[in-house]
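To keep things clear, I will list the structure first and then write my remarks on it.
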Amino acid sequence: MKPTIGFIGLGLMGKPMAQNLLRAGFPLLVWNRTAWKADELVRAGAKLAAYPGEAAAQADVLITIVSDPPALEQVLWREHGAMESLRAGSLLIDSSTVSPDLARRVAEACRKRDVDFLDAPVTGGTWGAEKGELVFMVGGRSETLARAKPVLETMGRKFLLLGPNGAGQIVKLGMNLLLALEVNAFAEALALVTAAGIPAERMVEVMQSSMGRAPLLDVKAPLMLKGEFPASFPLRLMHKDVRLALELARELRVALPAGEAAFRTYSQVRDSAKDDPDFSAIMRFWTETAS
């Protein structure tokens, strides 16, 4: 008999992850701050929890994937939160992107309740979530990951154990810092080339045929050239992740000058946005300053 899954957070990533669990036959109990986002899952057979603690109380495995550290703290510890309702012997998997310190706090709270815990943020975009091909960056014990594998395999294709609790979050912040810098640098290079009168497409053509090629460009470059930024990974979340990476760097006394400069640019674009665009909308910084 498959374990009952509680799932908290039905955003761009969470909803398709939950759908894959449901299709695989796992009994599923879901909760989301905006309740109507669960409607499609409920029609497909999931049950809707009234509050996070209800999802936790019935779950053998509870998965959380929410927007930021305050959101995770809220669903775990505030009124009707999940932490107090987790049963001894259950498993909590957090796939949010938060600080390593928060992941360690969650791990300690779980230890006191005899609950296993993995911090397991993901990469792969919405398309990876929909196809069940996410990569999980995992912090925790190897035996806990082995226990979680049958559930994780429904949602992902690779599960990298990177160290103790907190390690998954550290690597995820490094990964997203790299992606933020890569898209920022690409947009900056395009601004230089196009200012000199050369079509942006020619720059991309050379990059795709050289050491400048990056798989990220296969997804982002076509939309950036069109000036279209449908949110696969919202800029507001990338802004949050870069901020968390810079906070971690200050704790570790590591200088990140490129990261600091990119953060200022992302901040400006985020603050001027009237929509909720993808992080590739960083391109707007150069479009707007050139107009």
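Bear in mind that the values in this text are calculations on the coordinates, not laboratory data. All values derive from a computational prediction rather than experimental measurement. For neighbour counting, all protein chains shown are included, and Cβ atoms are generated from backbone atoms with ideal geometry for every residue, glycine included.
Out of the DSSP beta bridges found with both residues in the chain, what percent are antiparallel (nearest 5)?
Bridges in the chain are about 15 percent antiparallel.
Please name whichever of Ala49, Gly259, Ala187 sits farthest to the positive end of the charge dipole of the chain, dipole taken about the Cα centre and charges placed at Cβ: Lys and Arg +1, Asp and Glu -1.
Selected residue: Ala49.
Sort Tyr266, Tyr51 so that the residue with the fewest other Cβ atoms within 10 Å of its own Cβ comes first and the one with the most comes last.
Tyr51, Tyr266
Strictly greater than 19 Å: what percent of every Cα pair in the range 5-163 meets that?
Of all Cα-Cα distances in the range 5-163, 47 percent exceed 19 Å.
In whole Hz, with x marking every Gly and Pro, tabulate ³J(HN,Hα) for the range 140-152 from phi via Karplus 6.51 cos²θ - 1.76 cosθ + 1.60, θ = phi - 60°.
Karplus-based 3J(HN,Hα) across the range 140-152 equals x, 8, 4, 5, 6, 4, 4, 5, 7, 3, x, 7, 5 Hz.
For the range 83-122 and the range 191-262, what is the separation of their C-alpha centers, rounded to whole Å?
Distance between centres, Cα-based: 32 Å.
If each residue's Cβ is checked for other Cβ atoms within 10 Å, how do His80, His239 rank with the fewest at the top?
His80, His239
Taking the Cα centre of the range 5-163 as origin, work out the dipole magnitude from +1 charges on Lys and Arg Cβ and -1 charges on Asp and Glu Cβ, in debye rounded to 20.
Dipole magnitude for the range 5-163 comes out near 240 debye.
Rounded to the nearest 20 Debye, what is the dipole magnitude of the range 170-290 about its Cα centre when Lys and Arg each give +1 and Asp and Glu each give -1 at the C-beta?
I would put it at about 220 debye.
Give the long-range amide H neighbours of Phe117: residues separated by 5 or more places, or on another chain, with amide H under 5 Å away, using H modelled in the peptide plane at 1.01 Å from N.
Those lying under 5 Å, H to H, from Phe117 are Leu92.
If you rank Glu188, Glu201 by fewest surrounding Cβ atoms within 10 Å, what's the result?
Exposure proxy ranking, most exposed first: Glu201, Glu188.
Considering amide H positions built from the backbone, and no H for Pro or chain starts, which residues 5 or more places from Gly6, or on another chain, come under 5 Å of its amide H?
Those lying under 5 Å, H to H, from Gly6 are Leu29, Asp60, Val61, Leu62, Ile63.
With +1 assigned to the C-beta of every Lys and Arg and -1 to the C-beta of every Asp and Glu, and no other charges, what is the dipole magnitude of the chain about the Cα centre in debye, to the nearest 20?
Using Cβ point charges on Lys, Arg, Asp and Glu, the chain gives about 420 debye.
Binning at 10 angstrom from zero up to the longest distance, how are the C-alpha pair distances of the range 58-100 distributed in percent?
Percent of pairs per bin, in order: 29, 56, 15.
Once you order the gyration tensor axes a ≥ b ≥ c over the Cα atoms, which shape class does the range 114-183 get: rounded for a/c under 1.5, otherwise prolate or oblate by comparing a/b with b/c?
It comes out oblate by the Cα gyration axes.
Enumerate the amide H contacts of Phe159 below 5 Å, restricted to partners 5 or more residues apart or on another chain; note that Pro and chain-start residues carry no placed amide H.
Phe136
With the radius of gyration and the Kirkwood radius both derived from the Cα set of the chain, what is their ratio Rg to Rh?
1.00
Report, in listed order, any pair from Lys2/Lys220; Lys47/Lys274; Lys37/Lys240; Lys47/Lys226; Lys15/Lys226; Lys158/Lys274 with a Cα-Cα distance greater than 32 Å.
Pairs exceeding 32 Å: Lys2/Lys220; Lys47/Lys274; Lys47/Lys226; Lys158/Lys274.
When the helices in the chain are scored as -39500 (n - 2.57) per DSSP H run of 4 or longer and the sum is shared across all residues, what 222 nm value do you end up with, to the nearest 500 deg cm²/dmol?
-16000 deg cm²/dmol
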